[in-house]
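Asker: After the C-alpha cells below, expect a handful of questions from me.
What follows is calculated from the coordinates using simple rules that are stated; it is not laboratory data. What you are looking at is a predicted structure, and each value in this text was computed from that prediction instead of being measured. We place every Cβ from the backbone using ideal geometry, glycine too, and count neighbours over all the protein chains shown.
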Amino acid sequence: MDQLAAITLDLTAIAVLAFAVYYPRHRRRDLAVAFVGVNVGVLAVSMVLADATVGAGLGLGLFGVLSIIRLRSREIEQSEMSYYFAALAIGLISGLAANISLLSVGLVALVVAVIAIVDSPSLLRRSREQQLVLDRAYPDEAEARAAVETLLGTTVHRLSVRSLDLVSDTTVVDVRYNAPRPGSAPTRRDATLDTLHTLETTR
C-alpha cells in the first residue's frame, strides 16, 4: 500500500508539473514527455534501492549526472532545466520515502508550487534578455549602451560586449532590460541602428 501511495503521489505531481504547469507556458511536447520519463525512471530506481545503503548517494549522484549532461539535440533554457530537477526531486522524494507521510506530500507539493510560482508569466513579465548584433563597432561600452537604449526605447540594466569586430564594423552585446509598458510612447531609433538584428531572444 505504501508503494502504491508513493506511485500515486508521484504520478499526480509530475502530471501537474509537466502538463498543467510546463506545457501550457512553454508548448514543448518533447520536454514535457522527457520530464515524465525522467521522473518515472528515477521513481522506479529509487524504490528498488530504497532499502539499500546506497539510497542517499543515489539521489546525489542523479543530481550530479543531470547537472553535467549537455542536452545537445535542441537548445534548452535554464528555466526549463529547473523542471528537470523538479521532476527528479519528486521521483526521489516519492521513491525513497519509507512511507508516504504528510512531510513527503508537503515536500512534493512544495516543489510543484514553487516551480509554478517562479515560472509564472506574471512574475517579472517585463524582464527581457537579448543578444544583439549592432551594425557598428562600439569600443566604448557607454556608447553601445546609449545606442541600444535608443533602439529599445527603455533603460538597459546590464550590457555586456561579447564581440567587437573592427573589420566588419559590428558589435555583439548581451542586453538585459525591462520591456516598455504597453501604451508608452516609442522612442525614435537612431539612424545608425536601422540594421540592428536580434540574434537570440530568451523568454
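Asker: Between Leu164 and Thr12, what is the spin-label point distance in nm, taking each point 7 Å from the Cα along the Cα→C-beta axis?
Answerer: Taking the simple label geometry, Leu164 and Thr12 are separated by 5.9 nm.
Asker: Counting Lys and Arg as +1 and Asp and Glu as -1, what is the net charge of the other residues whose Cβ lies under 11 Å from the Cβ of Leu17? Don't skip to the end; give the middle numbers.
Answerer: Numbers: positive: none; negative: Asp10, Asp119.
Counting the neighbours of Leu17, the net charge comes to -2.
Asker: Here is a further query. How much length would be gained if the chain were fully extended between Leu103 and His26, taking 0.36 nm per residue of separation minus their Cα-Cα distance, in nm to one decimal? Mind dumping the intermediate values first?
Answerer: Values: separation 77, 0.36 × 77 = 27.72 nm, distance 3.02 nm.
Value of the extension gain: 24.7 nm.
Asker: How would His26, His157 line up from fewest to most surrounding beta-carbon atoms within 10 angstrom? Mind dumping the intermediate values first?
Answerer: On the way: His26 16, His157 12.
The most exposed by this proxy come first: His157, His26.
Asker: What is the fewest-to-most order of Val21, Val118, Val16 by other Cβ atoms lying within 10 Å of their Cβ? Let's see the in-between values first.
Answerer: Working: Val21 21, Val118 11, Val16 18.
Ranked by crowding around the Cβ, least crowded first: Val118, Val16, Val21.
Asker: A further question on this structure: Kindly put Arg125, Arg176 in sequence by how many other C-beta atoms sit within 10 Å of each C-beta, fewest to most.
Answerer: Arg125, Arg176
Asker: Next question. Give me the distance between the Cα centres of the stretch 79-94 and the stretch 139-172, rounded to whole Å.
Answerer: Measuring centre to centre over Cα atoms gives 37 Å.
Asker: Using the beta-carbon distance between Ala44 and Thr155 and R0 = 45 Å, what value does 1/(1 + (r/R0)^6) give for FRET efficiency, to the nearest 0.05?
Answerer: Values: r = 50 Å, r/R0 = 1.12.
Efficiency, rounded to the nearest 0.05: 0.35.
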